[in-house]
1. Looking at ILE74 and the list (1) open to solvent by less than 10 Å² (accessible area, probe 1.4 Å); (2) out of contact with any Gly (no Cβ under 7 Å at 6 or more places or on another chain); (3) within 16 Å of ligand 2 (Cβ to nearest atom), which single condition is not satisfied?
2. Does region 1-36 hold any residues that are in a helix (DSSP H, G or I) and open to solvent by less than 40 Å² (accessible area, probe 1.4 Å), and which are they?
3. If I go through region 109-160 residue by residue, how many of them are more than 19 Å from SER371 (Cα to Cα) and of a type in the set (Gly, Ala, Ser)?
4. ALA138 is checked against (1) open to solvent by 10 Å² or more (accessible area, probe 1.4 Å); (2) of a type in the set (A, V, I, L, M, F, W, C); (3) in contact (Cβ under 8 Å) with a residue 60 or more places away in the chain and fails just one. What number does that condition carry?
5. Have a look at ILE281, ILE257 and point out the one that is more than 16 Å from ligand 1 (Cβ to nearest atom) and within 30 Å of ALA399 (Cβ to Cβ).
6. All but one of (1) open to solvent by 50 Å² or more (accessible area, probe 1.4 Å); (2) in a loop (DSSP other than H, G, I, E, B); (3) away from ligand 2 (no atom under 16 Å from the Cβ) hold for ALA286; state the number of the condition that does not hold.
7. Go through region 124-158 and give me each residue that's in a helix (DSSP H, G or I) and under 20 Å from the mean Cα position of the chain (by Cα).
8. Among the residues that make up region 91-107, is at least one of them in contact (Cβ under 8 Å) with a residue 12 or more places away in the chain, under 23 Å from THR171 (Cβ atoms) and open to solvent by 10 Å² or more (accessible area, probe 1.4 Å)?
Amino acid sequence: MQTVEIIRKKRDGNDLSTEEIRHLIQGYVKGRIPDYQLSAWAMAVYFTGMSTRETADLTLEMVRSGEQVDLSAIEGVKVDKHSTGGVGDTTTLVLAPLVAAAGVPVAKLSGRGLGHTGGTIDKLESFSGFDTSMTTEAFVRQVNQLGLAVMGQTADLTPADKQLYALRDVTATVDSIPLIASSIMSKKIAAGANAIVLDVKTGNGAFMKEEEQAIELARAMVEIGSRIGRRTVAFISDMNQPLGRAIGNALEVKEAIDTLKGDGPADLTRLCLALGAQMVILAGKADTPGEAEKRLEDAIADGSALELFRRFVKAQGGDARAVDDPDSLPGADVRLEVAAPSDGIVATMDAEAIGLCAMQLGAGRERKGDSIDHGVGIVLSKKTGEAVRRGETLATLYANDPDKAEQVKGRFLNAIEIREDPVKPPRLIRALVT
Ligand code: URA
Ligand code: CA
């Protein structure tokens, strides 16, 4: 097979065959096809797109390029959830014990945060001793015993995606819907999911700024899932402001604990119930969203979700006493209140800028491998649409460095716009693509 002919075929807008896609991806991973040829193909895809069949083929080829987690020893439908990345997105911490308490096995591979978005493993490591490094055997055993485990991504999953993503990053071909969709889905499938619930964020803090783009991405992923026999549904949810009120690792753990007790912020609670209900339905444990949400609400009300969280933290070596004494989690020496500069209504919040504020305080990393401070972050007192008086607290910055807190204060104020006229808060859940 002539690689140059395959590139020409895609350049001219034709569909590639399954074999041609295999030739490209296997050849690239094995080093037979150079970066410049794969770059040319990626650019051709950027301009001419891919059919759903090609996109599904590319996904499967990337799955096959590396190890695949075998979850077959876990009984039941393994449903994974994936968010395309947001600010203060505390959902996984809540959902994992919540849906597990409703009888859905949760075998989750998670990552660390980068840039303005946080990562589940970093958040969980707020518990002293918490460990996400384990063998797949131990991971499967824990899910069977407890119903829930979170493992760091150690196995060599989807090396083709890693290589292709690095190439796209430097050739201006990241923002291609079929390439993004196959990249995300390949990782979920390699991680062993039978069914997938996606949370595609849209707005100023999201990868997909425009709602139409987010819907298009959601459709592409749902179609891949349907073609390869992994039922997939996707929510489009708002990221024009951080989710919940807490941004930062231990702060988000506290927020998750509150939510598991039924005292969490309304938006975080709503999104967790919506996502969780779809997970419960895909796992075959309920037929309708109403019935599924009722199960989840019961697991909150009777304390079983929180109890499962305690046992999960303990099972992975963490100090579970902190679940009942969140003040013993890592904290911050400096608490700096950011006061509103004027009377009015919070009209817009730049979620990405606020995420970067939290990063600057030390909650996130600029580069892979940077260390983070689990105790720092931001707690919002006001969100979009809420009224504020001049001098009233908009947010509290938690820091361990007073100079950093002062610097971030100005930056935070720049990320908030206060207006006199009433403003409607952005709609949290925009669509469900099935
Ligand atoms: N996230 C991914 O995992 N892959 C992409 O291509 C883009 C965002
Ligand atoms: Ca949050």
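The values are calculated or read from the model by the stated rules, or taken from the named source; none is laboratory data. Since we're looking at a predicted model, the values are computed, not measured. Positions of Cβ are backbone-derived with ideal geometry, glycine not excepted, and every protein chain shown enters the neighbour counts. Ligands, DNA and RNA are stripped out before the accessible areas are found, and what is left, the full protein with its side chains, is counted by its heavy atoms. Shrake-Rupley method; radii C 1.70, N 1.55, O 1.52, S 1.80 Å.
1. With respect to (1) open to solvent by less than 10 Å² (accessible area, probe 1.4 Å); (2) out of contact with any Gly (no Cβ under 7 Å at 6 or more places or on another chain); (3) within 16 Å of ligand 2 (Cβ to nearest atom), ILE74 is out only on (3).
2. Those that are in a helix (DSSP H, G or I) and open to solvent by less than 40 Å² (accessible area, probe 1.4 Å): THR3, ILE6, ILE7, LYS10, GLU20, ILE21, LEU24, ILE25, GLY27, TYR28.
3. Selection size over region 109-160: 5.
4. Here ALA138 meets the rest and fails (3).
5. On the way: ILE281 fails: within 30 Å of ALA399 (Cβ to Cβ).
So the residue among ILE281, ILE257 that is more than 16 Å from ligand 1 (Cβ to nearest atom) and within 30 Å of ALA399 (Cβ to Cβ) is ILE257.
6. (1)
7. Result: LEU124, single match.
8. Restricting attention to region 91-107, the residues satisfying the condition of being in contact (Cβ under 8 Å) with a residue 12 or more places away in the chain are 91-107.
Adding the requirement that they be under 23 Å from THR171 (Cβ atoms) leaves none.
Checked region 91-107: no residue is in contact (Cβ under 8 Å) with a residue 12 or more places away in the chain, under 23 Å from THR171 (Cβ atoms) and open to solvent by 10 Å² or more (accessible area, probe 1.4 Å).
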